[in-house]
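Remarks on the structure that follows.
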Amino acid sequence: MPEPTKGSDVQRTIALRVSADYHAQLTLVAQVDEITLTDLMQQALDKYMAELRAAPDFQEKVQVALAAAEEQMARTRAMLLGTVSSEGTTSEATTDAPAKSRGKRNTAEASS
């Protein structure tokens with residue numbers, strides 16, 4: 001297995017299942033256009049992505065997805081920083097009192 005490379009030049013493989021007839025059509029179009037089948041697919045995907053990003057309804061969906069992601073990140077941040085109460089609401093983090101230990105209980109404390 002080749003070692004992973006760093007940077008934006010890392011490429012991933014996408015498997016696309018198509019019928020034999022459709023594959024033949026794609027291959028012929030690529031040959032006529034004198035490009036590889038991979039380049040044909042990349043150009044098609046690039047065109048689709050550009051059209052999709054420009055569509056107002058997609059932009060609305062993106063805003064909804066971003067808002068949901070930001071809400072999730074706020075919940076995660078609150079959990080990691082210990083600012084979530086047992087009811088699931090956020091509260092101010094207190095730094096005055098030390099955190100309770102998860103170790104063994106002191107036997108003197110247990111008997112009192």
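Read-outs throughout are calculated quantities, based only on the coordinates presented, and are distinct from any laboratory measurement. All values reported here derive from a predicted model rather than from experimental measurement. Cβ coordinates were reconstructed from backbone atoms using ideal geometry, including for glycine residues, and neighbour counts include every protein chain displayed.
Between rounded, prolate and oblate, where does region 35-87 land on the alpha carbon gyration tensor, with a ≥ b ≥ c its root eigenvalues, rounded for a/c under 1.5, else prolate if a/b exceeds b/c? Cα axes put region 35-87 in the oblate bin.
Sorting the segments 54-66, 13-25, 36-48 by their residues' average number of neighbouring beta-carbon atoms within 10 angstrom, most packed first, yields 36-48, 54-66, 13-25.
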